[in-house]
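Working notes, structure below.
The values are calculated or read from the model by the stated rules, or taken from the named source; none is laboratory data. Because the structure is predicted, anything quoted here is derived from the model rather than measured. Note: ideal-geometry Cβ built from the backbone for every residue, glycine included; neighbour counts use all protein chains shown. The accessibility values were calculated without ligands, DNA or RNA, using every heavy atom of the protein model including side chains. Shrake-Rupley method; radii C 1.70, N 1.55, O 1.52, S 1.80 Å.
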Amino acid sequence: MSHDLFEAARDAMAFAHAPYSKFPVGAAIRAEDGKVYTGANIENISYPQGWCAEPTAISAMIMGGAKRIVEIAVIAEKLPLCPPCGGCRQKIAEFASPATRIYLCDEAGVKTTMTIDELLPHGFKTDVLG
Ligand SMILES: [Zn+2]
């Protein structure tokens, strides 16, 4: 992974709205159009109404006109690693191929690289999308 995706995720983390968990998280996607789309977690006082950094980045990607995740970096302040939660794995898989790389970062850079297939080996699928 090029260094820019880690830096983009780290920079996105600064926009987190995490007054309840106190765990800011940032995510950065490189899409098939070559552009980088970022997101942060946005919490809500009604806790289930908040959401993670990954869907914020996916939303930015979709609204930017891209459809496919080439690679994605995730970083969380105060956590050694922040693997995407179960729901986010399914959300990432929707726009990824099994070999799409997920970079789990700390403040220094990428610590672990995994594929979405490794993180979600038996995700929900139908043949609707072909
Ligand atoms: Zn999540």
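Tabulated results
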| quantity | calculated |
| --- | --- |
| Long-range HN-HN contacts of THR115 with modeled amide H, under 5 Å | ILE102 |
| Linear extension gain, HIS122 paired with ASP11, 0.36 nm per residue minus alpha-carbon span | 36.8 nm |
| Inter-label distance, nm, simple model (7 Å from Cα along the C-beta direction), ASP4/GLU107 | 2.6 |
| Spatially near lysine pairs across the chain, Cα under 16 Å, sequence gap of 8 or more or different chains | 5 |
| The range 3-119, dipole about Cα centre (Lys/Arg Cβ +1, Asp/Glu Cβ -1), debye to the nearest 20 | 160 |
| Accessible surface of the chain, 1.4 Å probe, proportion on carbon and sulfur as whole % | 59 |
| Point-to-point label distance, THR115-GLU32, nm (Cα→Cβ direction, 7 Å offset) | 1.8 |
| Over the chain: helical MRE at 222 nm, DSSP H runs n ≥ 4 each giving -39500 (n - 2.57), nearest 500 | -7500 deg cm²/dmol |
| Charge-dipole axis of the range 66-130 as Lys and Arg at +1 and Asp and Glu at -1 on Cβ define it, positive-most pick from THR113, ILE92, TYR103 | ILE92 |
| Average accessible area per residue (Å²) across the range 3-119 - probe 1.4 Å, nucleic acids and ligands excluded | 49 |
| Inter-centroid distance (Cα atoms) of the range 83-130 relative to the range 5-34, Å | 16 |
| The range 3-119: radius of gyration over Cα atoms, expressed as a fraction of 2.2 N^0.38 Å | 0.95 |
